[in-house]
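What follows is one structure encoded as structure tokens, with my remarks underneath.
Bear in mind that the values in this text are calculations on the coordinates, not laboratory data. The structure displayed is predicted, hence computed values, not measured ones. Glycine gets a Cβ as well: all are built from the backbone with ideal geometry, and neighbour counts include every protein chain shown.
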Amino acid sequence: MGPTISALMSILLHLSVILVFSPFILGVIGKTKAFFAGRWGPPVVQPYYDILKLLRKGSVYSTMTTWIFRAAPMIAMAAILAAGILMPFAGLKAPIQFWGDVVLFAYLFGLARFFMVLAALDTGSSFEGMGASREMTFSCLSEVALFLNFTVLALISKSLSLSGLIGGDVSLLWHVLGPALTLVVISFFLILLCENSRIPVDDPATHLELTMIHEVMVLDHSGVDFAYILYGNAVKLFILGSFLISIILPFKTQNVFMDTAVYLSGMTGLAVVIGVIESAMARLRLNRVPYLLISAVILAVFAFIITLVRGGF
Amino acid sequence: MGGVLYALGQHEIKKLLAYHSIENIGIITLGLGMGMMGQAFHQDTVAMIGYAGALLHVFNHAVFKGLLFLSAGSVIRATHTGEIDHLGGLLRTLPWTGHLFLIGSLSICGLPFFNGFISEWLVYQALWGGVFHFDILGIIFSCLGVAALALIGGLAAYCFAKAFGMIFLGKNRSKEESPYKESDYMLRGPMVGLAAICVWIGLFPAVMVSFSLKTAQTVTGIPVPAGLEKLILNPLLKAISVLFTAVIIFAVLVALRKFLLKARPVRETETWGCGYALPSARMQYTASSFAEPILRIFRTLLVFKVKTGKLKKHFPAETHLSSSVLDVSENMFFRPLLYWIRELSGRLNWIQSGSTQRYLLYILFFLLILLIWKLN
């Protein structure tokens, strides 16, 4: 019984860390954008308030919808949280790790996306149909880039679990394969922007324009369901972001507090960078977005070539 | 991969499924290819995982494609049409067919909880095995395979989100009321059985994995390396334990939602149309529009046919737009080939006059020729 209970405890700990910290990133992004716009801006904890407020609201459902519309936010959030279990954070080891868990990681996101798209189609609204269609288009491309990046990292680290990909001696590898890792980081950053529908792929601030992707898909969700969706997105950003930070800042001291401090400042830095990009750039024209994603794929391929040449294969 | 693009361009349900088979065969050949490369590089582990993945996918494909075809048949039987753009909202009138089609779609996309995930997992393992154990050329090919499989996975999800979403969700696009009759037990039974197999393999893959390993051994004659079965199954079992955690999280979320909504007002109204008050079923997004963005990206590989009406005057009264994807191999290879064969046979038509005497003469000539040939 001992190991089972400790495993359960570590899963619970992991999930609570994810749940507690993820809206914070959104708060930092909001604050950065406000700073650039010359405003004081909402407090950093505003996303927590938003989610709590939505959780206390009632819901309105379209008569056209079926159970899929109601279940999708919960399925999506459960899948994203389950993917979070596989991801190690600074001082915290992933509670479950195994050979090849990257496939499960990617496909859990796929499951979440599939159900959100079905929920959007469920409403029968053409706005949401359009958003769903775009979401699927871009995710096809970003998935290729994601798997290529995983392959490069696997080749570098000789491992196939998330913990192995980023948990090993990445700091040593920066000396040998610095260029390849740089490309992976840039490519992964593009994926992160796309998967979390940030500028320049999607503008999370617009709400009723024909230009948006993710926001329009959830147009009909309200109350608790919408809270789940917002929270799920925050968690997704947090998970993918910490993957990136673990590659960029692989410093491992033996001190847990130091590690955590480095990690948290890295995450805050990432949020600031995203905020700066959103303030400085406009959203790309929709038919330009695929080029951005294809460049993510190409960067990953270059990283692959460099690894092959430099790694002595 | 071409298959899934054509499938995306198809708006007829059974044609869509048929094109999708090409893509699945692609996955199977990826597995077989890894098996052969594994043999060439003397990496029995990689080879066996590749072969086993391919074999398992053959079986899985039979199961979920059978399920999908049966439910598609059920849809056509009930509605008398297979045009996706004419359907919609069938989940309410055909609940059995709808949910079974959903299970089939989830399986074919290789999403976790279902059997497609297991075999795609094996193929991924084989590909990454290639990345780790082959020489540089092998590594490059394996990496290409990973990219192809990832793209196929994404496109399959796209395609079946379209198929399921357009057929079973939203509102019926051709009729206001749709008093369709659900298929009876005799039709439902086999579909339920197939769906059960999908879920069974998805959650308890041990039996089928070891079975396909044994089959691979029989076919190729390579003995299964010791401990390989464990090597495959242990990660899979852990993956499934993650899935069960996901189910528990889901249950908690459901309970929380129920608790929170208990004292709150829950209303039902029309879908929010950004203020437009009279939405009609024909204003929904259609399957062709849904697939348009991705097809546009791959437009160099596909041939489009777009018919559109010209806009006249300042307030155009009527216009139309229709687009379809043409099958290059059908239109540029098979059609001309068949046309030539038909032309040629038309020219030779005079031989077949219909009179028995003439045919007897032919037989006589033929026998004579045979005789002369034999004598020589």
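Under a crude label model (7 Å from the Cα following the beta-carbon direction), how far is B:Ile25 from B:Thr356 in nanometres?
4.5
With label points built 7 Å along Cα→Cβ from the Cα atoms of B:Leu344 and A:Ala34, find their separation and express it in nm.
Reported label-point gap for B:Leu344 and A:Ala34 is 7.8 nm.
Add -39500 (n - 2.57) for each DSSP H run of 4 or more in chain A, then divide by its residues: what number comes out at 222 nm, to the nearest 500 deg cm²/dmol? Don't skip to the answer; put the middle values down first.
Details: 11 runs with 227 residues, N = 313.
Helix-only estimate at 222 nm: -25000 deg cm²/dmol.
Per-residue mean of other chain beta-carbon atoms within 10 angstrom of the beta-carbon, peptide B:165-172? Walk me through the intermediate numbers first.
Details: counts 13, 2, 0, 5, 13, 12, 4, 1.
Going residue by residue through B:165-172 and averaging, the value is 6.
At what distance in angstrom do the alpha carbon centres of the stretch A:113-164 and the stretch B:112-144 lie from each other?
Answer, in whole Å: 19.
Return an integer: the convex hull volume of the alpha-carbon atoms of chain A, in Å³ per residue.
Details: hull volume 44.3 nm³, N = 313.
Per-residue hull volume (Cα only) is 142 Å³.
If you take the beta carbon distance between A:Thr182 and A:Ile305 as r and set R0 to 22 Å, what does 1/(1 + (r/R0)^6) give as a FRET efficiency, to the nearest 0.05?
Values: r = 14 Å, r/R0 = 0.62.
It comes out at approximately 0.95.
Using label points projected 7 Å from each Cα along Cα→Cβ, tell me how many nm separate B:Asp44 and B:Asp184, to one decimal.
Each label point lies 7 Å from its Cα, and together they span 5.6 nm.
Quick one: among A:Lys53, A:Lys33, A:Lys236, which has the greatest mean-square fluctuation in a GNM of chain A with alpha-carbon springs under 10 angstrom?
A:Lys53
So what is the diffusion coefficient of the stretch B:89-144 in µm² per second by Stokes-Einstein at 4 °C and 1.567 mPa s, using a Kirkwood Rh over Cα pairs?
Values: Rh = 13.3 Å.
The Stokes-Einstein estimate is 97 µm²/s.
To the nearest 0.05, what FRET efficiency results for B:Arg77 and A:Ala261 with a Förster distance of 51 Å applied to their C-beta separation?
Values: r = 65 Å, r/R0 = 1.27.
Efficiency computed from Cβ-Cβ geometry: 0.20.
Given 5 Å bins starting at zero, what is the percent of C-alpha pairs of the stretch A:48-187 in each, up to the one with the largest pair distance?
Pairs per bin, as whole percents: 2, 9, 13, 16, 17, 14, 10, 9, 6, 3, 1, 0.
Roughly how crowded by other chains is peptide A:147-154, in terms of the mean Cβ count from those chains within 10 Å of each of its Cβ atoms? Intermediate results must be reported in sequence, preceding the final value.
On the way: counts 11, 5, 0, 4, 10, 2, 0, 5.
Whole-number average of other-chain Cβ neighbours for A:147-154 is 5.
I need the P(r) histogram for the stretch B:2-261: all alpha carbon pairs, bin width 10 Å from 0 out to the longest distance, whole percents.
7, 28, 31, 22, 10, 3, 0
Say the cut-off is 19 Å between C-alpha atoms; which of B:Lys65/B:Lys238; A:Lys93/B:Lys238; B:Lys65/B:Lys214 go over it? Walk me through the numbers on the way to the answer.
Values: B:Lys65/B:Lys238 28 Å; A:Lys93/B:Lys238 16 Å; B:Lys65/B:Lys214 24 Å.
The answer is B:Lys65/B:Lys238; B:Lys65/B:Lys214.
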